[in-house]
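Here the structure is laid out as structure tokens; the discussion comes afterwards.
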Amino acid sequence: MQLLPAPPSQPEPSTDDYCVLVLDLVGSTALAQQLPLHIWGELLGQWSLQMLDLLRGWGGWILPLQGDAALACWPAWQAEAAVGAAQQAHSLTQRLPLAQTLGQPLSLRAGLAAGKLTLLPHLEPRPCGLPLHLAHRLCSVAEPGETLLCAGVAGVLEVSPGQDGSILQLRAVPPLNGFELLQSGGAAFYRVLLPAEQLEGSEMKAG
């Protein structure tokens with residue numbers, strides 16, 4: 001009787017602290033219904049390519065685009081780069097060439113969360129963890145043109161977030177599905193006040 005070879009052992013999942021950014025194109029469902037399919041496809045393709053280039057330019061580890069949303073991760077200590085990418089994504093989206101040609105204003109929502117992610121072993125490692133869910137929730141309740149972030153990201157950016165001279169402002173956030181306990185415990189969330197081009201001069205912790 002011939003024995004089958006044992007399957008190769010899978011590497012153990014690795015866990016570390018990351019900062020997760022989620023970008024969502026506002027009003028995309030309405031646009032998909034209003035525009036001819038080939039125009040909508042071209043518009044979404046142009047936006048997606050610009051977001052990929054932008055996130056890579058800020059050093060983000062890009063996860064697969066999800067339709068009208070973009071997702072990227074950074075080591076937690078590089079939260080400043082994640083915030084800069086989010087803020088520049090807003091301005092790039094507003095200036096998207098095809099949207100301007102069509103006379104169609106575009107805007108983004110952005111959510112940022114920090115915490116431990118486990119990288120599941122695949123051909124390309126896939127992250128799993130609460131920061132992914134929290135970033136999505138924050139993105140979903142952000143106003144168009146706004147970047148919302150959790151206290152974990154804020155604490156990496158500034159010693160005293162939300163105080164005098166801060167680039168962050170405390171923001172009351174509606175109930176986040178699945179994070180009710182966190183919010184009932186007094187969790188703080190912040191909105192970013194400065195555009196990307198002004199972030200470099202802000203008072204942030206050294207990386």
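Conditions (1) of a type in the set (G, A, S); (2) modelled with pLDDT under 85, marked per residue:
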{"residue": "L65", "(1), (2)": "no, yes"}
{"residue": "A70", "(1), (2)": "yes, no"}
{"residue": "A76", "(1), (2)": "yes, no"}
{"residue": "V83", "(1), (2)": "no, no"}
{"residue": "P97", "(1), (2)": "no, no"}
{"residue": "L120", "(1), (2)": "no, yes"}
{"residue": "L132", "(1), (2)": "no, no"}
{"residue": "H136", "(1), (2)": "no, no"}
{"residue": "C139", "(1), (2)": "no, no"}
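Considering region 139-204, the qualifying strands (runs of 3 or more DSSP E), each wholly inside and each with 1 or more residues that are open to solvent by less than 30 Å² (accessible area, probe 1.4 Å) and among the aromatic types (F, W, Y), run over 189-192.
Yes or no: L49 among the aliphatic types (A, V, I, L, M) and open to solvent by 30 Å² or more (accessible area, probe 1.4 Å)? Yes.
Restricting attention to region 154-203, report how many residues are in contact with a Gly (Cβ under 7 Å, 6 or more places away or on another chain) and free of Cβ contacts under 8 Å to residues at least 40 places away in the same chain.
Adding up the residues that qualify gives 4.
Check region 45-52 and report whether any residue there is over 19 Å from S140 (Cβ atoms) and among the hydrophobic types (A, V, I, L, M, F, W, C). Quick ask: steps written out before the conclusion?
Here is the first cut: in region 45-52, the ones over 19 Å from S140 (Cβ atoms) are 45-46, 48-50, 52.
Still in the list and also among the hydrophobic types (A, V, I, L, M, F, W, C): 49, 52.
There is at least one residue in region 45-52 that is over 19 Å from S140 (Cβ atoms) and among the hydrophobic types (A, V, I, L, M, F, W, C).
Pick from region 78-108 the residues that are in contact with a strand residue (DSSP E or B) (Cβ under 8 Å, 6 or more places away or on another chain) and of a type outside the set (G, A, S): which of them is surrounded by the fewest Cβ atoms within 10 Å (Cβ to Cβ)? So the residue we want is Q78.
The values are calculated or read from the model by the stated rules, or taken from the named source; none is laboratory data. Only a predicted model underlies this, so the values are computations on that prediction, with no experimental measurement involved. So basically every Cβ, Gly included, is an ideal-geometry build from the backbone, and we count neighbours across all protein chains shown. Accessible surface areas use protein heavy atoms only, side chains included; no ligands, DNA or RNA. Shrake-Rupley method; radii C 1.70, N 1.55, O 1.52, S 1.80 Å.
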